[in-house]
Structures are given as C-alpha cells and as structure tokens.
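Colleague: This is the structure, below, for whatever I ask next.
The values are calculated or read from the model by the stated rules, or taken from the named source; none is laboratory data. Keep in mind that what you see is a predicted model, and the values were worked out from it rather than measured. All Cβ positions, glycine included, derive from the backbone under ideal geometry; neighbour counts span all protein chains shown.
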C-alpha cells in the first residue's frame, strides 16, 4: 500500500503539533491542544444472515440501531481541521454506543499507552469529543448539563469531524443508502475504509477541501428511487456543510456500558487534574463567554 493512503494516527510530537496548530487557527479563543476531533457515523447496511453475523463476530441483533431503525455499523473516526481522517475504526454494530465502540478500537488502546504527547509550555494534546464519550487524560468533552459552560467553545472544533462525515457521504453517494444485500459485511467495511482513504486523497489534491463535484443527475435518480430509500444531506451548521444527520448521533447513549464501570471511571477522573479542566480554565481566564443580549464580546 502506498504510504500516502495510510490512515494511522501519528505518534510523533511534531505530527500532533501540526494537527493542533491547524485547529488553533480555527478556534476563536485559540485553543492549542486539540489534536483531532472524534465522532461516530452509522454505515447503513442490510440485515446480515445468521451465518454472516457469526462469521463477523457480531451478533445479528447488534447491527440494529434502535435510535435510527436501521441495520448498521458504528464507524468511529478522528479528523483534522481540514476534514482528513486520521483514524477510522469499524468493528461494532449500529446498536453499540460511541463510548464502547471507541474503547474497543486500536486507537483507544494506543491512547491508554501514552499516544498523546505534551508540547513544552502548552496543554497536553487531546482528542475532542462530544458527550457520547468519557473524559480522560486523552479525551476532552463538554461538561454535561452545565449552562453557560465555557467549555462549549470547543464545539467549533468538534464540528470539524461532523463536516468530514458530511464531505465523505456527499462525495460517495453509496453511503447515502443501505449497502446491497449481496455485499458481505467484510466487504462493506473494506469499502468504507477505501472511501475514507480516497476522501483524504481528494483533500490533499484540492486547493479547497470543501470543494466537491456535484453529483450526476442519473446517480441522484438511482439513489432516490431505491427500494430501501436514502439519507438526505441537511445543512445544519455555520460552515454550510450538508450533513447526513440521519446517520449521526446513533451511538449517543451508555446503555451497553455497565453502570459499575461508569461509576469507577467518574470516581477516578474526579481525583486528577484533567485536560478538560485545563481547557475550561484557559477559556475562563481569557473571559471567552457567550455575549449577553444587546452586548458585544470584549474579545471579539
């Protein structure tokens, strides 16, 4: 395989420094330790047979995402600020939470072994995720159920991985609908991995990473008229990137994470000074807060 097409989160300090520098340019308060944004997207497929489910190691029922009412894979991915994929993992069915799907990935194991580096004089590099994930020494998520949380300023960075998903699905229309019945689960996974690699290649070869050639009318007609329907792209963010919202946020639950594990995790993180706290203090110290009605942010 040509190294140019490899998708493997980098281990070197210099590589993580470059990722964080690009995110810093996209950050209003200039957060300088975001070394990637993580989220999950559902890969729509048809119901696998019992034999195929057994061969893949995933229970047939685990493919069904109750929130989306589709048979799917949970695809975990990390992107940089330009929408390139830095890591992709597809090993669980659509019913799996993002938290558990991430913790089953090779990237999670590498993170627990000290993958994320610390640059001199800066906050430690971390991944930025939403509340579907758990805070840790290498993951920063917003405080849940906290009004006017300065940490919500990280949303403008976390949105980058959602935009990457939007570009990916827009670019490759096959992801807008269920993979055909005759494509086995292993080929579905292999196809998605290939498409993410081609996605990165397109960004590298383009002067404008947001520029995507319009779909051909004949392709749009095929997608729209399929028996199993298709997913519409919806413009929902300030970057005007259309997102496949019906394939996102399916793993935003902790139903499959034992309560005991959550309790131990929460107890453990309360004993240490997490990157989330450092980021919160960094933003609060700079007085980056939401402007009140009729006023202007003094740092704007």
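Colleague: Is it the case that residue 102 is over 28 Å from residue 18 (Cα atoms), touching a strand residue (DSSP E or B) at 6+ places or on another chain (Cβ under 8 Å) and surrounded by 23 or more Cβ atoms within 10 Å (Cβ to Cβ)?
Modeller: no
Colleague: Another question, then. For residue 48, which of the numbered conditions (1) within 20 Å of residue 160 (Cα to Cα); (2) assigned to a loop (DSSP other than H, G, I, E, B) fails to hold?
Modeller: Here residue 48 clears every test but (1).
Colleague: Which condition from (1) in contact (Cβ under 8 Å) with a residue 60 or more places away in the chain; (2) closer than 30 Å to residue 283 by Cα; (3) more than 15 Å from the chain's Cα centre (by Cα) is the one that residue 84 breaks?
Modeller: (3)
Colleague: Please enumerate the residues belonging to the range 1-23 that are touching a helix residue (DSSP H, G or I) at 6+ places or on another chain (Cβ under 9 Å) and not in a loop (DSSP other than H, G, I, E, B).
Modeller: 4, 5, 23
Quick grid of which residues meet (1) under 30 Å from residue 30 (Cβ atoms); (2) at pLDDT 70 or above; (3) part of a loop (DSSP other than H, G, I, E, B):
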{"residue": "240", "(1), (2), (3)": "yes, no, yes"}
{"residue": "253", "(1), (2), (3)": "no, yes, yes"}
{"residue": "257", "(1), (2), (3)": "no, yes, yes"}
{"residue": "263", "(1), (2), (3)": "no, yes, no"}
{"residue": "279", "(1), (2), (3)": "yes, yes, no"}
{"residue": "289", "(1), (2), (3)": "yes, no, yes"}
{"residue": "292", "(1), (2), (3)": "yes, no, yes"}
{"residue": "297", "(1), (2), (3)": "yes, no, yes"}
{"residue": "300", "(1), (2), (3)": "yes, no, yes"}
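Residues checked against (1) assigned to a helix (DSSP H, G or I); (2) touching a strand residue (DSSP E or B) at 6+ places or on another chain (Cβ under 7 Å); (3) surrounded by 18 or more Cβ atoms within 10 Å (Cβ to Cβ):
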| position | (1), (2), (3) |
| --- | --- |
| 88 | no, yes, yes |
| 96 | no, yes, yes |
| 109 | yes, no, no |
| 122 | no, no, no |
